[in-house]
Amino acid sequence: MNRKHIYIISALIALLALTPSTTFAQKKKKKAKEPKLTEAEILRNAKLEEMTYATQKIVFVDSTVVDKQQLHDFLKIPSETGSFCKATDISPTCQGMAFVNEMGNKAYLVNRDSILCSCDLIDGQWTEPAKLEGLETLGEKAVFANPFVMADGTTLYFAAKSDEGIGGFDLYVTRYSADYNKFLSPEIVGTPFCSTSNDILYIVDEYDRIAWFATDRNQPEGKACIYTFIPTELRETYDSSIDYELLSSYARIDAISATWGDGTERDKALKRLQTAISRSENEEKVSASRLSFVINDNVVYHSPTQFRAEGNASRFNTLCEMKEKISELTTRLDTDRNYYAKANESDRATLRQEILSLETELEKLQQESNNLEKDIRNAENKKILR
């Protein structure tokens, strides 16, 4: 063995001797750089881990990313579920979006102090916002947003930012107790609907068995993802034997396709969703034609909640019913007139009488409709021009 070989072997032995201690030093150095968690962060992580073990088993149907500011515009919920409007349309002291029940006589909204309130529609006017009692357990500093009430009128979902949560905004659920005349202590909805990000909206359409929730997790600034899912009557969790990493993946909603199974339930839900969207779009078309009422050259109303004169909201609904009846009579009259040209003499005699009757009824209804429209407009102008 020559001197060159001896040098090479010696260098290799030295390198092997140094490698373990160098690696250990690097690991030690990396570990030292890890930031120390605060007590609040430790508590939050513990809550999240506990929730993860109880992650609800949900079939997610679809998802779409939208601008946060246009969140409600993308939700095609049918009238049986309720509707959303600007909170300022109901009360100038409120902010964000308001939820109005399917009867159109009760609204849930957030005031400028970020407190969850409700208003009632009485004689065409909304009452002053009244604080919802029973939500104090979330703390005095809690900030509320996006209320939604189920068709039962007692189950309330909302988003809130509080010391009790695990993220920015978390989703909560509570029920109204008639015995105590207030809402019960809210409970966090849990994973996969809650995360360390902002989870901001939860809606259930019981009629079509479709639901939605929105979150900004894993989204760029100003964006939110709306998830469509199948709601369940009973809360079902994953088997306790499931691997924790896989369970965490379900809790984070890493892939909605992982919840589809054989796809049968999702396919059925997609059909129900399409039916719900079509029905909602048809309702919007009808609503757009109905809810466009000119008050004066500068003011046009697009919602019954905008009427301020006493009884005008109710009168407006009557006017809409009249206009629908006028449309129906006009269609019948056109059909009879078209058939009259092809009918025999016997049928024409019958049709002639029917056409005269329809023309008389239509003329009378049109006159009543015009008079009612003038009364509504005059009353509203007197109110807003005071």
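The values are calculated or read from the model by the stated rules, or taken from the named source; none is laboratory data. This is a predicted model, so every value here is computed, not measured. Every residue, glycine as well, gets a Cβ built from its backbone with ideal geometry; the counts of neighbours run over all protein chains shown. Just so you know, the surface numbers come from the protein's heavy atoms only, side chains and all, with ligands and any DNA or RNA stripped out. Shrake-Rupley method; radii C 1.70, N 1.55, O 1.52, S 1.80 Å.
Look through the stretch 161-180, keep the residues that are surrounded by fewer than 14 Cβ atoms within 10 Å (Cβ to Cβ) and more than 14 Å from Glu136 (Cα to Cα), and return whichever of them is modelled with the highest pLDDT. Per the criteria, the residue is Ser177. In this structure, is Glu49 within 25 Å of Ala269 (Cβ to Cβ) and among the charged types (D, E, K, R)? No. The set of residues in the stretch 255-274 being within 15 Å of Lys76 (Cβ to Cβ), in contact (Cβ under 8 Å) with a residue 12 or more places away in the chain and not basic (Lys, Arg) consists of Ala269, Leu270, Leu273.
Among residues of the stretch 128-141 being at pLDDT below 95 and part of a loop (DSSP other than H, G, I, E, B), the one that is least open to solvent (accessible area, probe 1.4 Å) is Gly139.
Inside the stretch 86-134, residues that are among the small types (Gly, Ala, Ser) and closer than 21 Å to Lys182 by Cα make up a count of 6. Tyr53 is checked against (1) buried (at least 17 other Cβ atoms within 10 Å of the Cβ); (2) in contact with a helix residue (DSSP H, G or I) (Cβ under 8 Å, 6 or more places away or on another chain); (3) among the aromatic types (Phe, Trp, Tyr) and fails just one. What number does that condition carry? Among (1) buried (at least 17 other Cβ atoms within 10 Å of the Cβ); (2) in contact with a helix residue (DSSP H, G or I) (Cβ under 8 Å, 6 or more places away or on another chain); (3) among the aromatic types (Phe, Trp, Tyr), the lone unmet condition for Tyr53 is (1). Total residues in the stretch 347-362 satisfying the condition of being open to solvent by less than 70 Å² (accessible area, probe 1.4 Å), in contact (Cβ under 8 Å) with a residue 24 or more places away in the chain and among the charged types (D, E, K, R): the figure is 1.
The set of residues in the stretch 310-328 being touching a Lys or Arg at 6+ places or on another chain (Cβ under 9 Å), touching a residue at least 40 places away in the same chain (Cβ under 8 Å) and open to solvent by 70 Å² or more (accessible area, probe 1.4 Å) consists of Glu310, Lys323.
The condition of being of a type in the set (Val, Ile, Thr) and surrounded by 14 or more Cβ atoms within 10 Å (Cβ to Cβ) holds for only one of Thr331, Thr305, Thr335, that being Thr305. Which condition breaks for Pro147 when tested against (1) in a strand (DSSP E or B); (2) open to solvent by 30 Å² or more (accessible area, probe 1.4 Å)? Here Pro147 meets the rest and fails (2).
Scanning the stretch 220-241 for residues that are within 21 Å of Met97 (Cβ to Cβ) and open to solvent by 50 Å² or more (accessible area, probe 1.4 Å) gives Glu221, Lys223. Among the candidates Asp73, Asp152, Asp89, Asp120, the residue that is acidic (Asp, Glu), open to solvent by 10 Å² or more (accessible area, probe 1.4 Å) and in contact with a helix residue (DSSP H, G or I) (Cβ under 9 Å, 6 or more places away or on another chain) is uniquely Asp89. Of the numbered criteria (1) in contact (Cβ under 8 Å) with a residue 40 or more places away in the chain; (2) open to solvent by 30 Å² or more (accessible area, probe 1.4 Å), the one Leu365 fails is (2).
Residue selection: Asn344 satisfies the criterion of being over 26 Å from Ser292 (Cα atoms) and free of Cβ contacts under 8 Å to residues at least 12 places away in the same chain. Looking only at the stretch 242-252, decide whether some residue is within 24 Å of Asp163 (Cβ to Cβ) and either open to solvent by 40 Å² or more (accessible area, probe 1.4 Å) or free of Cβ contacts under 8 Å to residues at least 24 places away in the same chain (or both). Yes, that holds for at least one residue.
Given the structure, is Glu39 under 38 Å from the mean Cα position of the chain (by Cα), under 22 Å from Phe99 (Cβ atoms) and at pLDDT 80 or above? No: the conditions fail for Glu39.
Assess whether Met97 counts as being touching a residue at least 24 places away in the same chain (Cβ under 8 Å), under 26 Å from Met150 (Cβ atoms) and part of a helix (DSSP H, G or I).
No.
Out of curiosity, is Ala269 surrounded by 11 or more Cβ atoms within 10 Å (Cβ to Cβ), at pLDDT 95 or above and either at positive phi or touching a helix residue (DSSP H, G or I) at 6+ places or on another chain (Cβ under 8 Å) (or both)? Here the answer is no, as Ala269 does not meet what is asked.
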